[in-house]
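Heads up, the thing below is written out as structure tokens.
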Amino acid sequence: MSVSPVYRAVLDIDDVLAFTEYATTKVAAYVERKGSVVSAIVPHYVPPGVREFIQLLYRMEDVQVWFFSSGDKSRNHPFVRELLGEDTYEELKGRILSRDDLWEEKDSWNAIRYKKNLRTVTQDVDALANTILIDDNVNNSAAGQGKNFLRAGCMDGRSFTLPDIKRELYGSDGMRFIRIRFDKRSWPSGWRSSVKEGNCICVMMAGVWDGHHQFRIGFVDQITHEYREVSVEDPELRNLFYQYYHYNYEEYPSCVLDKIRSIVENHGGRTRKIWRRPNRIFCVAGLFFTALKNAKRENISLSESLNRFYLREAGDGGSYNDAMRRMLRHDELYWRGLKLLQTINPVLQFTSPQNYPNL
């Protein structure tokens, strides 16, 4: 009878679980109200979702929670103690790694670099394959452990700020409509990636047929996250689009925008996007637990399961590092993470700029 593997989530602290820099008075007040503030030498601001993510990991019998920060242990241990409580800290204190646990490595210029080598967590090869470092900087990974890295995205107080003109585009749910763009040329190559990343929906004039102007709409599929195009079949809609085709975005009447969004939604496309920067932990949760679920179902290691996500995102000849960054733009992972973390805290929601409108 085979023994079920133990999976290990190794969490960085700074700019992943908490931040200390660029916290304005109102950002600090918001985090204290919706998340928590941990005093460990200096105040550490822990955004909504972080505590829930750790608690969900901790509740899973086959997952071990570790912490690995390059900060000093005189900061790391008090941080975990105050964040999770004395009882949990007593159970986890042997799994809190600090600056003294970093390994020295020489880079290609023979300079010494300090790395978070996961062999500090486990020496067993099979166990190492089921160990994931969740960090904001891939350069913290030791040589040969790139497959064990889950990119969290860097977060600090600036992640919670937006210019007023952008703030008004978001609703109280932390979502905003994706910008709609018109273009008279064939698809510019850069726009497909912009559409796929959720930055815009593109409407293109595709020529004239039987005396009618033809239009195609490019968008991202809500489920597959793939780029798609559909033709606008309704003659009245084509005439309406042509009537406003040369206008600036700010001048499009709501009837035009609503028609475009309706077409995209009817074809399973995405018309809204999340304010991602302050909500990274939801993406991390969505990606980690999806990779964990796939690893169990397919009987593969956790690192292999995660690696398949990144390789699929990179595509043929794509950059692995770029793929890790692009995964942070997949709104579906944020939604998946939110749903999971709501099992810990049912009232948890995405952070929205409307949470503190006077910032």
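The values are calculated or read from the model by the stated rules, or taken from the named source; none is laboratory data. Computed from a predicted model, the values in this text were never measured in an experiment. Counting neighbours? That spans all protein chains shown, and the Cβs are built from the backbone with ideal geometry, glycine included.
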key: Some residue of segment 20-32 being within 25 Å of N148 (Cβ to Cβ), touching a residue at least 12 places away in the same chain (Cβ under 8 Å) and not hydroxyl-bearing (S, T, Y)   = no
Helices (runs of 4 or more DSSP H) lying entirely in segment 44-163 (those with 2 or more residues that are of a type in the set (S, T, N, Q)) = 73-84
ask   = Mind checking whether some residue in segment 125-137 is more than 22 Å from V63 (Cβ to Cβ) and touching a Leu at 6+ places or on another chain (Cβ under 6 Å)?
value = no
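Residues are listed down the side, and each one gets a yes or a no for (1) touching a Gly at 6+ places or on another chain (Cβ under 8 Å); (2) at pLDDT 80 or above; (3) outside the structural domain of F289 (by TED's automatic domain parsing):
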site: A152; (1), (2), (3): no, yes, no
site: M155; (1), (2), (3): no, yes, no
site: G171; (1), (2), (3): no, no, yes
site: G174; (1), (2), (3): no, no, yes
site: K184; (1), (2), (3): no, no, yes
site: S189; (1), (2), (3): no, no, yes
site: K196; (1), (2), (3): no, no, yes
site: C200; (1), (2), (3): no, yes, yes
request  = Run down L83, L92, L97, L56 and say which single residue is at pLDDT below 95, crowded, with 17+ Cβ neighbours inside 10 Å and under 30 Å from S301 (Cβ atoms).
outcome  = L92
task = Would you confirm whether any residue within segment 264-276 is closer than 15 Å to A152 by Cα and part of a helix (DSSP H, G or I)?
result = no
ask   = If L162 satisfies every condition in (1) modelled with pLDDT of 80 or more; (2) within 26 Å of D14 (Cβ to Cβ); (3) not small (G, A, S) but one, which is the exception?
value = (1)
query = Which of the residues belonging to segment 127-166 are among the acidic types (D, E) and over 20 Å from F309 (Cα atoms)?
reply = D156, D164
Every residue from segment 315-344 that is surrounded by fewer than 17 Cβ atoms within 10 Å (Cβ to Cβ), part of a helix (DSSP H, G or I) and without any contact (Cβ under 8 Å) to a residue 24 or more places away in the chain = D322, K339
request  = Taking the residues in segment 345-357 that are outside any loop (DSSP other than H, G, I, E, B) and either surrounded by fewer than 17 Cβ atoms within 10 Å (Cβ to Cβ) or in contact with a Leu (Cβ under 7 Å, 6 or more places away or on another chain) (or both) as candidates, determine which candidate is modelled with the lowest pLDDT.
outcome  = Q354
